[in-house]
Amino acid sequence: MAQDKKKVAKKTVAKKKVAGKKLVKKKAVKKTTVKKKAVKKKTASKKTPKVQVAVSPEERHRMIAECAYYRAINAGPRSPEADRGHWLDAEVEIDALIRSGSV
């Protein structure tokens, strides 16, 4: 069996020569600096006063009633004293909102 082996001729592959890249030197570019223009600071502008919107007594009453309603819903069991307390707390809150101009 050792004699049955055939000799295989090895192929030689010629290596291709690769042309080397030429290095190109870049010309030095002179850097120029650009001066930035000075930005003027803005002076403090006058604050415009808040325009207070006039709320009618009927609208104020409706706002207080709505606020007291939501306070009562979130508070739990009802009682006349608690309802009065919700109303008074709502009055204070709504009046503060009206004074601050948030309404």
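Annotation note: Cβ proximity below 9 Å between a residue of segment 75-95 that is of a type outside the set (D, E, K, R) and a residue that is assigned to a loop (DSSP other than H, G, I, E, B) (sequence gap 6+ or interchain) occurs for A82/G76; I94/V55; I94/V103.
Out of all the residues in segment 73-91, which are of a type in the set (A, V, I, L, M, F, W, C), within 36 Å of the chain's Cα centre (by Cα), surrounded by 11 or more Cβ atoms within 10 Å (Cβ to Cβ) and at pLDDT 90 or above?
Matches in segment 73-91: A90 only.
Listed conditions (1) at pLDDT 85 or above; (2) part of a loop (DSSP other than H, G, I, E, B) are all met by K40, apart from (1).
The values are calculated or read from the model by the stated rules, or taken from the named source; none is laboratory data. Predicted model, so just to flag it, every value in this text is computed and none were measured. All Cβ positions, even for glycine, are placed from backbone atoms using ideal geometry, and neighbour counts span all protein chains on display.
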